[in-house]
Amino acid sequence: MTTFNVLTAEFLHETNTFCKFPTTSATFAERGLLFGDAAVAARRDHNTEIAGFLDAGHAYGWNVIHTISAHAQPAGPVTREAFDTLTAHIIDAARVHLGQLHGILLGLHGAMVLDFCDDGEGELLRRLRAVVGPGLPIGITLDPHANVSRAMCDLADIIVSFKTYPHTDMRVAARHASDVLQRTMTGEIRPRTLRVTRPMLEEANGGRTDVGPMLERLARARAYEKEPDVFVVSVNGAFPNADIAEVGPSVLVTAQGDMARHAAFASELADDIWARRHETINKYHTVTQAAAICKAYPTDSKGPIIVADYADNPGGGTYGDSTALLAALLDAGVQGACFGPMVDPETVVQLQGHAPGDKVDILLGGKTDARFGGAPLKLSCTLVSLSANGDYVGSGAMIGGLHRSWGPLAVIRVDGIEILVVSIRAQMLDLQQFQAFGIDPEKKRIVALKSMQHFRAAFEPIAGEVIVCDSGALCTLDYAVLPFSKVPRPVLPLDKAIDIEDWLRRNNNGVYVPGGRSGAA
Ligand SMILES: [Zn+2]
């Protein structure tokens, strides 16, 4: 029996093209840039793509050659320097092992934009195909916030998106892609991936899978995956903060045989995404409304009220220094609250010159772009504690066991609110992000945090109530304030009245089926 040699990599970035911070090699180094065995050692036993690839490798007796695991906090476009450097590790390894490789597995995001190309994953696959040729099977995993391009469908044989948001099935999705790759490498199957889209920036609920219509779609997807010649069905909610031509939700089917039948199935799901485009589950409060609800939250409630700032989610490439919600909570005079994160490295440096217990006058947050989420707040705070590195280890379903860092941080108190002031942007999605620094959200009455949806995995179990607000930061739902120019029009929600029949006629019914690559196996 042949031992298959499989090259693997993780290279993930979600790009908010409206974020003014470029994503550089240093940005990747800040979050996590690991090579070969070191990447495997750090990520093998956790909820990661590489863990799923290696689970399969173990089961099938593969020789797995892992190249890099590169992740960066979502931000602006990836620079050419960073992209060239990181992809070179993957491309060079493919070149070194050329002739001995049987397959490639890549853990990607699907919404990476480069400063010289709008389709980062497509460009990576193009460079890889240029070395390995058209025939070598390539499987990729995607985050369901992917904006899937035609090039990705052309150049990868197998595409598997996570089926959860909050994302908790990275390892499962990677195993799924690996299992399909195994059958492809043995010659049993010859998969291709088709794509169906509709003219919208994102699915109505951003792809939420804890409640709502996406659950029904995924149930249908799983049922169709059991049909003959069907290997994967992926339903992507998309990432809307991307001013690119190929933005928006998609349904993918990785299959063989009667592609017209598979396209018809995918179209049914895409039609459902379109038909239910106004079925929004979240009620998006203003910050003033949110603060009033928090203020009125009964003191004898079982568990805190969680108030999430949807718009200033650093996990969507925002600055994490929006002050609007904090200002509203302070104005309302709430007690027993915590707030985090407030990304403000300058203030952290200032506070490092003080000792716990000191009263310090600060200018907090709002420094990056006050148009999105409010101006700096002039506050008098009490320094509670400092951490020189801000390191923590996740404990929840998303990042359990993984090492992460806020960078140098300070915990301060202003009136009734303890505030986590950090140096490195990240979204709040794990209790340890507070607890490791002495803030226990379970003992608070009000927990204010910056996240759209991922926070639910760890914070809903401790919550008495959950509300969501829009602070007007960079991930605001008011898309009209963002300077879209490349997105093809009409598109929802920038254009209200769209003649969908006309759009379907002009866009091949939204269906893209890749032709075979010449020379493909
Ligand atoms: Zn995502």
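The values are calculated or read from the model by the stated rules, or taken from the named source; none is laboratory data. Just so it is clear, the structure is predicted and the values come from calculations on it, not from any experiment. So basically every Cβ, Gly included, is an ideal-geometry build from the backbone, and we count neighbours across all protein chains shown.
Mind checking whether some residue in region 107-124 is away from the ligand (no atom under 16 Å from the Cβ), buried (at least 24 other Cβ atoms within 10 Å of the Cβ) and either outside any helix (DSSP H, G or I) or free of Cβ contacts under 8 Å to residues at least 40 places away in the same chain (or both)?
Residues of region 107-124 that are away from the ligand (no atom under 16 Å from the Cβ), as a first pass: 114-119, 122-124.
Now narrow it down to the ones that are buried (at least 24 other Cβ atoms within 10 Å of the Cβ): 124.
Imposing the further condition that a residue be either outside any helix (DSSP H, G or I) or free of Cβ contacts under 8 Å to residues at least 40 places away in the same chain (or both) reduces the set to none.
For region 107-124, residues away from the ligand (no atom under 16 Å from the Cβ), buried (at least 24 other Cβ atoms within 10 Å of the Cβ) and either outside any helix (DSSP H, G or I) or free of Cβ contacts under 8 Å to residues at least 40 places away in the same chain (or both): absent.
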Out of T299, T286, T254, I need the residue that is out of contact with any Gly (no Cβ under 7 Å at 6 or more places or on another chain), modelled with pLDDT under 95 and away from the ligand (no atom under 16 Å from the Cβ). Which one? T299
Do we have A82 as over 28 Å from A397 (Cα atoms), touching a Phe, Trp or Tyr at 6+ places or on another chain (Cβ under 8 Å) and outside any strand (DSSP E or B) here? yes
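Considering each of A457, A436, A448, A426 in turn, give the residue that is of a type outside the set (D, E), in contact (Cβ under 8 Å) with a residue 12 or more places away in the chain, over 21 Å from A473 (Cβ atoms) and touching a Phe, Trp or Tyr at 6+ places or on another chain (Cβ under 7 Å). Talk me through it step by step, then tell me what you get.
Values: A457 fails: touching a Phe, Trp or Tyr at 6+ places or on another chain (Cβ under 7 Å); A448 fails: over 21 Å from A473 (Cβ atoms); A426 fails: over 21 Å from A473 (Cβ atoms).
Testing whether each residue is of a type outside the set (D, E), in contact (Cβ under 8 Å) with a residue 12 or more places away in the chain, over 21 Å from A473 (Cβ atoms) and touching a Phe, Trp or Tyr at 6+ places or on another chain (Cβ under 7 Å) leaves just A436.
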Need pairs with beta-carbon distance below 9 Å; first residue at negative phi and of a type in the set (F, W, Y) and within region 460-484, second assigned to a helix (DSSP H, G or I) and surrounded by 17 or more Cβ atoms within 10 Å (Cβ to Cβ); sequence gap 6+ or separate chains. none
Every residue from region 34-55 that is buried (at least 22 other Cβ atoms within 10 Å of the Cβ) and touching a residue at least 60 places away in the same chain (Cβ under 8 Å): R43, N47, T48, E49, I50, G52, F53
Here, strands (runs of 3 or more DSSP E) confined to region 366-434 with at least 3 residues that are farther than 15 Å from G340 by Cα are 377-387
Determine whether region 342-356 contains at least one residue that is touching a residue at least 40 places away in the same chain (Cβ under 8 Å), in a loop (DSSP other than H, G, I, E, B) and not basic (K, R). yes
Considering only residues of region 422-480 that are closer than 21 Å to V334 by Cβ and within 16 Å of the ligand (Cβ to nearest atom), which is surrounded by the most Cβ atoms within 10 Å (Cβ to Cβ)? K450
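Checking the condition on the phi > 0 side of the Ramachandran plot and at pLDDT 95 or above, which residue from D415, D440, D430, D391 passes?
Numbers: D440 fails: on the phi > 0 side of the Ramachandran plot; D430 fails: on the phi > 0 side of the Ramachandran plot; D391 fails: on the phi > 0 side of the Ramachandran plot.
The match here is D415.
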Taking the criterion of being of a type in the set (S, T, N, Q) and under 20 Å from the mean Cα position of the chain (by Cα), would at least one residue in region 93-106 satisfy it? no
Search result, residues across region 171-209 that are within 12 Å of the ligand (Cβ to nearest atom) and hydroxyl-bearing (S, T, Y): T209
Looking at (1) touching an Asp or Glu at 6+ places or on another chain (Cβ under 7 Å); (2) more than 16 Å from the ligand (Cβ to nearest atom); (3) outside any strand (DSSP E or B), which one does G99 not meet, given that it meets all the others? (1)
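Here's the yes/no breakdown for (1) within 16 Å of the ligand (Cβ to nearest atom); (2) touching a strand residue (DSSP E or B) at 6+ places or on another chain (Cβ under 8 Å); (3) under 25 Å from P314 (Cα atoms):
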| site | (1), (2), (3) |
| --- | --- |
| N63 | no, yes, no |
| R80 | no, yes, yes |
| T85 | no, no, yes |
| I91 | no, no, no |
| A130 | no, no, no |
| G139 | no, yes, no |
| D143 | yes, yes, yes |
| F162 | yes, yes, yes |
| D169 | yes, no, yes |
Would you please name the residue that is nearest to the ligand (Cβ to nearest atom), looking only at residues in region 314-341 that are within 14 Å of G373 (Cβ to Cβ), in contact with a strand residue (DSSP E or B) (Cβ under 6 Å, 6 or more places away or on another chain) and in a loop (DSSP other than H, G, I, E, B)? G317
Quick check on this structure: which one of T299, T347 is exposed (fewer than 15 other Cβ atoms within 10 Å of the Cβ) and β-branched (V, I, T)? T299
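Conditions tested, residue by residue: (1) assigned to a loop (DSSP other than H, G, I, E, B); (2) at pLDDT 95 or above.
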site: V468; (1), (2): no, yes
site: G472; (1), (2): yes, yes
site: I498; (1), (2): yes, yes
site: N509; (1), (2): no, yes
site: G519; (1), (2): yes, no
Those residues of region 256-302 that are of a type in the set (A, V, I, L, M, F, W, C) and under 30 Å from E501 (Cα atoms) come to a total of 12
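Determine whether T67 is away from the ligand (no atom under 16 Å from the Cβ), touching a His at 6+ places or on another chain (Cβ under 9 Å) and either among the polar types (S, T, N, Q) or free of Cβ contacts under 8 Å to residues at least 40 places away in the same chain (or both).
Working: away from the ligand (no atom under 16 Å from the Cβ): yes; touching a His at 6+ places or on another chain (Cβ under 9 Å): yes; either among the polar types (S, T, N, Q) or free of Cβ contacts under 8 Å to residues at least 40 places away in the same chain (or both): yes.
So T67 fits the description; yes.
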Quick check on region 145-160: of everything there that is over 19 Å from L181 (Cβ atoms) and more than 16 Å from the ligand (Cβ to nearest atom), which residue is surrounded by the fewest Cβ atoms within 10 Å (Cβ to Cβ)? R150
I want to confirm something. Restricting to region 360-380 and keeping residues that are farther than 14 Å from E346 by Cα and of a type outside the set (D, E, K, R), which single residue is surrounded by the fewest Cβ atoms within 10 Å (Cβ to Cβ)? S380
Out of everything in region 5-33 that is surrounded by fewer than 19 Cβ atoms within 10 Å (Cβ to Cβ) and within 21 Å of A93 (Cα to Cα), what residue ends up being farthest from the ligand (Cβ to nearest atom)? N5
Is there any pair with a first residue in region 248-266 that is among the polar types (S, T, N, Q) and a second that is assigned to a strand (DSSP E or B) whose Cβ atoms are under 6 Å apart and which are 6 or more apart or on different chains, and what are they? S250/R195; S250/T197; S250/N236; T254/I158; T254/I159; T254/T193; T254/F231; T254/V232
